[in-house]
Amino acid sequence: MSAIETGTSQRPGLAALVERFPFLPALVILLALLALNGWFQPNSLGFRAITGLISTYLALMMLSVAQTYVVYAGDVDLSVGAILSLVNCVIIVLMERWGGGGIAVLMACALGILTGLACGLLNGFVVAVLRLQAIVATFATSIFFTGIALYVLPVAGTPAPTIYWRTYGGRFFEIPFVFYVVAALAIVLVMATRARLTTQMLAVGDDAFKAFQGGLPVTAIRLKGYMLCGVFSALAALCITGDTASGDPLVGGAMTLYSVAAVVLGGTALSGGRGSVVGSVLGALIIGLISSLVFYVGTPSQWQNLVQGLAILLALMLGVMVTRRVQR
Amino acid sequence: MSVEAAGKAEASRFSLTNLIRQPLLVALVLIVLLLALGEMLSPGFASPQQILRLLIVAALLGIVAAGQNLVILGGREGIDLSVGGIVSLSAIIAGNVMNGADSGILPAILACVAAGALFGTFNGIGVTLLRIPPLVMTLGMLGVLQGLLVVIRQGVPSGRAAPALSEFVTRPFLLGLPGIIWLWVLIGLLMAFLLRRTVFGYRVYAIGSNEQAAFLAGVPVRLIRISLFTLSGAFAGLAGLCLIGYAGSSFANVGELYMLPSIIAVVLGGTPLSGGKGGYTGTMAGAVLLVILQSILTTINIDESGRQMIFGATLLVLMLFYGRGRAMRA
Amino acid sequence: MSNLTIRGARKAYGATVALRRGDLDLREGEVHVLIGSNGSGKSTLCKIVSGSVRPDAGEVLIDGKTVSIDGPRAARALGLATFYQELSLAAHRTVAENISLPELPGKGGFFVDRERLNGIAERYIRRFADVAGEGFSADARVEHLREDQRQLVEIMKTLATEAPILIFDEPTSSLDRSQVERFFEVLRELKAQGRAIIFISHRMDEIFAIGDRVTVIRDGETVGTSLISETKPASIIHQMVGESELAVTNGAPPAAAEVKTEAVLSVAGLSAKGFVNVSFEVRRGEILGFGGLHGQGQSAVLRSIFGVNPTDQGTIHIKGEKRTIRSPREAIRCGLAYISGDRGRDGVVHGRPILENVTPIHFLRNKLSLVRPGSLRERAAKPLSALKTRFAGYDQPVNALSGGNQQKIVIARWLIDRPDVLLLDDPTKGIDLQAKTDLFALIRSLAAEGMGIVLYSSEDAELLANADRILVFNSGSVSRELTGADRTRYNLYHAAYEAA
């Protein structure tokens, strides 16, 4: 009996692959959706259409990444949408107040990210330190954050400075700006996969109490997860501001649940301990592709929401079942 | 020896710390305090008519929370996010079936409860047979229901409540209390009976607390869990019907307002989201507490932004009383 | 290297005192055995030292200096490492990651250094390579490992701290003989290096094989410490129970009951995951033992008969009638009862009152739909008192009881309405001697009343003392049947190890 082998050779190839890359089922669904989109509307696979898709869904991608970092440790954050709204309002107001120049925009963005960090810190404090139940506690903080957003910007409509949305929608060396953002995001996420914190968060998600007994600083790790979540929610806000070019204190409200859906679509277990941020990005794209597909197949407008809802439900169920089937 | 002594000591001790651990008691005390606060801020807040109005609103939330409570008690991260969608859908169905005529009430009740139960059953089947996590399943179902609402709204008018229903919900019916309050009390009694005096209730706690042990003891785990989701849908359907009786007609996505608050009412009532512990009496108090709190905030004269901030912060403080998890280090 | 002293440690949960006065003196270069029946407080004592439980009183000294242990991390910093009975592993992480958690080797402070991670893992895996069994490697995920392999990972994780003081809380409960022997070799080396080791086990032979000194805890109090070389099992047991003990586990096998009644359960050619072609019969009044090394298919057979796991092949007859059992529900209706030793996972409905814990089978067998607490209490009283269960009242939450009493509650639920066959799956795992005595006395009387009983036990002594016949399992099938005078420790070991 030679026990030390590299590779879990007795596990079937596909299962081992999905275990290593939990986002594979999501990738398959994504490719299928791309093919279907192309089938019904060849133009939809064109450069322009893809650019449009990414500019629209970049915010959701970021938000799903944000959500993933708390789900890793078995938590959830129902306030990501509210954080997004708040940061959107904060940067819009600051950019307007500071005159909308380049420096003003950068300063506002930096402050926006700090705002997201502070929100994440508060969430982490109530969930990890005060030990409130994540679902209800982050719902409460989301009400609180929405309140602040309404205070900062009582009504929707203040426009973003031209330089801001021009940059976001513009091109550099013939390549759209959002592609650079996606590339940067990809690099950051791949690097983050190798981080000690990621392994620690996943270990906490497996079983927080055991992790604690084993000597992990559980509270600090969960707190860091929420802070990361806040930062990525703020980045999502920067994207949505570029896409909508205006401030709206309620813009993120509906996006919270989509971010949870994207995380699940990406093959990450809501119970924690297993998953990938890459999957969540794919999950966000799947949601985007489903709604464009529903449009391209010519669904009558009043039926679009229903068909989209059904398709997402189906994809969620399929994803969960495939992941489980392969993993056993 | 030591265990028996411990049990006796526990029973005889009646200290303040133990009292604070009683969610129901805390909620009741807070309700009284909030009423007093409301009365101070705006005289007339705690007048009988006002309290009645608050109780009606609380009853609507409480009926939704009854189903939510059951699903949460059943454990395995049980939660039902689709109740909001079902309330909205049921309100439309009720409006159209009744269309202002009293003769339509009975069919409307049947239609609403059946529709709610149907979608609840779908949730239950997804959660048990396909083993989709409840949060995911009911979240997906919420999306479907929202889409369905758009379709229905385009096709039919929103309809009107039957006068008798509106009367039942808003006018005094017995001993000066409207019918809906009595209905709520009845539901409270039925829930208490269901959870404490039926085998079904015992089994709900068993699967919520240790599903594997329950399974080995012959509890039909899947059937019970499906029926919890069915009941949750049915309660939401009933609440949708009552809601249109309260509002007269339905309006867009009215049920969204019940989705997360129904969960908060359950938590404030002392049922942890982990399941297997708690009951409905606390949830009723939780619903009243939540409604009074919201009402106070609308009474005082501040901006919407300030209102939301205070509401969020207050919820956090309330959860500190009994929504907390165990410390890692005991 | 360090000495550890604990003085007057005390811990109470509400009104229940878990540890009344814990004293311990651990010296470098010794394996110090801590023994006591379940609920006696030895795990609590360990958890105080490892930082996961906050003591109410008492002091801990390392090398004569008082230290305060504010949590598991603080304990690590002070040079204390703990093997937790319930393991502290992350199921979805690899063996290598688990061994190095929480101090993952870093690169640039931010990234995990994979090379060093694997290097550390290999260093400890190598020690157990030839006994770890199939599928054990540095990058295997813990979730895919067997229970004994997980225990090995926890051992490696504890060793990898290279801490001067090591605490092992029941590290051998799932290990087989060869793994235990290897572990003891490692312990001896550590001892030679001057490490100080606390070792907890319920197995007397292990204690005498590895221990230098032994400290006995009874009812939350340290009774005394003695040199292993100067004591005997009987005197340790005497100290543990505080009175002369019935000593279930050390009696000679009783004369096998001449059982000539009809078979109440007969299994033919049963195969499923974990075992192949298992056939046997249990007669009324008989206690049939399942023996052999841990995890050779004994539990799997019982769980398959009870409908927990699906069967591939084979037939099951109950009272002469052929039955197909697809779920525990059906099994219960056929008159089977199944009691698992893993009460935390399979038995106890946590946090619920005792009444709710003893009634589920009664509900099912009588097709009840309404609860009448009064009559339920009456019905439950008989089996509970037959088991000598100690509890304050039916509304008391089950978790307030000691482990042994919790298991008695779980067993009582099966006895309100008599089953025909009792399947016992290592039912005494982790319960104290007194509870074991009570349990086996009851089982014998149940058999005398005509019940058929299958007993799997991981403790050979228990099996030899209680079973009329023993089927020895080896690699998923029955390798030998021991009856009458053949039921000896030697034969049992021999059958368990041959061809393994």
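What follows is calculated from the coordinates using simple rules that are stated; it is not laboratory data. Given the structure is predicted, the values throughout are model-derived calculations rather than measurements. All Cβ positions, even for glycine, are placed from backbone atoms using ideal geometry, and neighbour counts span all protein chains on display.
Mean per-residue shielding of peptide A:198-204 is 5, counting Cβ atoms of other chains within 10 Å of each Cβ.
Inter-chain neighbour count for A:301-311: the average number of beta-carbon atoms from partner chains within 10 Å of each residue's beta-carbon is 6. The angle between the Cα long axis of helix C:147-160 and the longest principal axis of the Cα atoms of chain C comes to about 10 degrees, rounded to the nearest 10. Taking label points 7 Å from Cα along the Cα-to-Cβ direction, C:Tyr13 and A:Arg324 give a separation of 3.1 nm. Tell me which of A:Leu189, A:Met321, A:Gly170 sits at the most positive position along the dipole axis of chain A, charges placed on C-beta atoms (Lys, Arg +1; Asp, Glu -1). Value computed over the given set: A:Met321. Near the amide H of B:Thr198, within less than 5 Å, lie the amide hydrogens of C:Val371, all on another chain or at least 5 residues away, with H placed in the peptide plane. Counting only other chain Cβ atoms within 10 Å of each residue's Cβ, the peptide A:248-261 averages 2. Hull volume per residue, based on the alpha-carbon atoms of chain C and their convex hull, is 158 Å³. Name the shape class, rounded, prolate or oblate, that the alpha-carbon gyration tensor gives for region C:263-497, where a ≥ b ≥ c are the square roots of its eigenvalues, rounded holds for a/c under 1.5, and otherwise prolate holds if a/b is larger than b/c and oblate otherwise. Since a/c reaches 1.5 and a/b is larger than b/c, the shape of region C:263-497 is classed as prolate. Note on chain A: with a GNM built from Cα contacts shorter than 10 Å, the maximum mean-square fluctuation among A:Pro217, A:Pro22, A:Pro249 falls on A:Pro217. Residues of region A:239-267 falling in the label zone of A:Thr167, defined by backbone nitrogen less than 16 Å from a point 7 Å along Cα to beta-carbon, are A:239-246. Placing a label point 7 Å from the Cα of B:Ser249 along the Cα-to-Cβ direction, the residues of region B:158-187 whose backbone N falls under 15 Å from that point are B:158-163.
When the GluC sites (Glu not before Pro) in region C:153-211 are filtered for DSSP coil states and for at most 16 other beta-carbon atoms within 10 Å of their beta-carbon, the remaining sites are C:Glu162. Charged side chains reduced to their Cβ positions (Lys and Arg at +1, Asp and Glu at -1) give region A:156-258 a dipole of some 300 debye around its Cα centre. A compact globular protein would have a Cα radius of gyration near 2.2 N^0.38 Å; the ratio found for the protein assembly as shown is 0.99. Simple rule: put +1 on each Lys or Arg Cβ and -1 on each Asp or Glu Cβ in chain A, find the dipole, and look at A:Leu202, A:Leu58, A:Ala110; the Cα lying farthest toward the positive end is A:Leu202. For chain C, adding -39500 (n - 2.57) for each run of n ≥ 4 DSSP H residues and dividing by the number of residues yields -9500 deg cm²/dmol at 222 nm. Ordering C:Asp70, C:Asp417 from the fewest to the most neighbouring beta carbons within 10 Å gives C:Asp70, C:Asp417. Of the trypsin sites (Lys or Arg not before Pro) found in region A:152-235, the ones in coil according to DSSP and having at most 16 other Cβ atoms within 10 Å of their Cβ are A:Arg194. Counting neighbouring beta carbons within 10 Å and listing from fewest to most, the residues B:Leu89, B:Leu297, C:Leu492 come out as B:Leu297, C:Leu492, B:Leu89.
Farthest toward the positive end of the dipole of chain C, out of C:Ile210, C:Thr437, C:Pro105, is the Cα of C:Thr437, where the dipole comes from beta carbon charges about the Cα centre.
Each Lys and Arg Cβ is given +1 and each Asp and Glu Cβ -1; about its Cα centre, region C:4-243 then shows a dipole of about 480 debye. Distance between the 7 Å Cα→Cβ label points at B:Leu52 and B:Leu223: 4.5 nm. Loop exposure criterion: trypsin sites (Lys or Arg not before Pro), DSSP state outside H, G, I, E and B, at most 11 other Cβ atoms within 10 Å. Applied to chain B, the longest stretch between such sites is B:14-325.
Just checking the listed ones, B:Gly147, B:Gly75, B:Gly95: in the Gaussian network model of chain B with Cα springs under 10 Å, the one fluctuating most is B:Gly147. By the count of other C-beta atoms within 10 Å, a proxy for reagent exposure, B:Ser158, C:Ser458 are ordered fewest to most as B:Ser158, C:Ser458.
Here the protein assembly as shown is treated with +1 on each Lys and Arg Cβ and -1 on each Asp and Glu Cβ, and its dipole about the Cα centre works out to around 1180 debye.
In the frame of its principal axes, region B:44-322 has Cα extents of 54, 44, 39 Å, reported largest first. Estimated purely from DSSP H runs of n ≥ 4, each contributing -39500 (n - 2.57), the mean residue ellipticity at 222 nm for chain A is -24000 deg cm²/dmol once divided by its residues. The simple Förster model, with R0 at 41 Å and r as the Cβ-Cβ distance, assigns C:Glu321 and C:His494 a FRET efficiency of 0.65. Applying 1/(1 + (r/R0)^6) with R0 = 56 Å to the Cβ-Cβ distance of C:Glu181 and B:Leu118 gives a FRET efficiency near 0.35.
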